[in-house]
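As structure tokens, the structure follows; a few thoughts come after it.
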2 protein chains.
Amino acid sequence: MTTASYEKAPLHSSRGTICQGCWDQMHVPIPIRGALALPFRAFGITRSKMNPNICTICERAFQYVKKQRHVTADATILFADIRGFTNLSERMDVVKLSEMVSLFQGRCAEAIWAHDGIVNKQMGDGLMAIFNFPIVCTNHVAAAILAAQDIQRNCSAALRSLNIDPGASPDGAQDVRVDGGIGVGVGIHSGDVEIGEFSSFRSDFTAIGGVVNLAARLESQAAAGEILVSAAAAAQAEDLMAGTHTRSLVLKGIEQPVQARVLVTH
Amino acid sequence: MTTASYEKAPLHSSRGTICQGCWDQMHVPIPIRGALALPFRAFGITRSKMNPNICTICERAFQYVKKQRHVTADATILFADIRGFTNLSERMDVVKLSEMVSLFQGRCAEAIWAHDGIVNKQMGDGLMAIFNFPIVCTNHVAAAILAAQDIQRNCSAALRSLNIDPGASPDGAQDVRVDGGIGVGVGIHSGDVEIGEFSSFRSDFTAIGGVVNLAARLESQAAAGEILVSAAAAAQAEDLMAGTHTRSLVLKGIEQPVQARVLVTH
């Protein structure tokens, strides 16, 4: 597999007119932009907040087609959060803090959407993204890694623009330091996940399973600026692994040590 | 303050007709049940999925009234998740796993709603609830602790009903054990949080700030069956603290050790 196969040119040609998710999952063309989208909009079918290139129903419509509440899918899961946020949140002005969260969430979403992922969950200073569902990606591990690199680049520039001095408290005292600095940590793992709705009382479209939990655990171990990719996922995108080293991690709830490749974006 | 003050009788008298959140925050009576609710429903104003006793717009309508994107509010934050889930998700059948998640989310929501909280975020085997917003609680720390006790009771019965044997792997081998057993861990902290929408691209109504992060960290330290209440929060509900002991915790991102009261529900 060459790096060229990670390019997403074919998908983009149809972008802007139909929902890519409905097309990839069911081969149904649902207009999401332009005049043809208007009658659909009248029935509440609009562009998804998880990714503007898919529609609000395609996320779960496939379930009705398949007559089941959830399906098993091969997908790549990406978790990202702001390192040092707990420390910052103890001492930083809330307006600045919420600016930081908005900036982080916005920059991450742009990176994820650019590589055909969906922003599935946002939890304060963290998020979870899914690649290869509902938009099919040729190499979804590579797509997630490229998105993670964009996240690191976009966020480090954005966080710098906020002029947050990791060495200063909001009241100006200089004796407060943020452990390990401010930055973003990312964890990536890939494999079979269960996708669907797992709540009886609300639309909780998400992915669950061991793969999701391992991705979350990897993210929790990533230092500011680091992308931790499970060895299993990394094997599917070796071309992107140049310059990485391997770290052996003992993760909560997982019996065997997990091998992860450490990618640092400059 | 007596235990009696934790009862929620006054609120319940008006339940079933108007949105309690709109009433508490803005003194606007929005019908959510009965014939009067029908015209509102036509405009998309229905019962919230976060709590069926509030409406879909009251969660954020106050912001437009106050002409700001977010507000500071005194609230209690509760985090809960299934202990041993990562371990289980590595070896359990996905259908059983999703049953377990649905059951957990359902039982937790019932407990939270019964004490006037809202289920703000659901993240796989975990959730975050807010007390005192938008429904005002006389003692929101007590409300959250009572909800946590209901969560522990409801969930331990429900998890038992699933017949999950912590000592068995799904293929019947008996050599696989779940560290610390299956159960629910809960963390509670209280104080000023920033409530609003912190995402530029989707409706991400939530609470952020140091109080939220500390509650999450407490939950991550709670063993199966435990409710960890920060000492600061516990001081506001001493009547409910009988039989607890204090644990000193060193938490990631927080410089000083945190004192927590440990509540175990039998």
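Taking the listed residues A:LEU78, A:LEU88, the one that is among the aliphatic types (A, V, I, L, M) and in contact with a Phe, Trp or Tyr (Cβ under 8 Å, 6 or more places away or on another chain) is A:LEU78, with no other qualifying. Hey, could you check region B:181-198 for residues that are touching a strand residue (DSSP E or B) at 6+ places or on another chain (Cβ under 6 Å) and among the small types (Gly, Ala, Ser) and say which is nearest to the other protein chains (Cβ to nearest Cβ)? Applying the filter and picking the extreme gives B:GLY196. Contact map, region A:205-220: residues that are facing chain B (nearest Cβ under 8 Å) and assigned to a helix (DSSP H, G or I) paired with residues that are surrounded by fewer than 24 Cβ atoms within 10 Å (Cβ to Cβ) and hydrophobic (A, V, I, L, M, F, W, C), Cβ distance under 6 Å, separation 6+ or inter-chain. Pairs shown: A:ARG217/A:LEU251.
Taking residues in region A:144-165 that are of a type in the set (Val, Ile, Thr), and partners anywhere that are at pLDDT below 80, the pairs with Cβ atoms closer than 9 Å and at least 6 places apart or on different chains are A:ILE145/A:TYR6; A:ILE164/A:VAL178. In region B:32-137, counting only helices (runs of 4 or more DSSP H) that sit wholly within it, the ones holding 1 or more residues that are basic (Lys, Arg) and more than 13 Å from chain A (Cβ to nearest Cβ) span B:37-42, B:58-66.
Residue check: A:ALA235 meets all listed conditions (1) within 27 Å of A:THR86 (Cβ to Cβ); (2) more than 9 Å from chain B (Cβ to nearest Cβ); (3) of a type in the set (Gly, Ala, Ser) but one, namely (1). Answer yes or no as to whether B:GLY16 is modelled with pLDDT under 80 and at positive phi. In short, yes.
The values are calculated or read from the model by the stated rules, or taken from the named source; none is laboratory data. Predicted, not measured: the structure shown is a model, and the values here were computed from it. With ideal geometry, Cβ positions are generated from the backbone for all residues, glycine too; neighbour counts draw on all protein chains shown.
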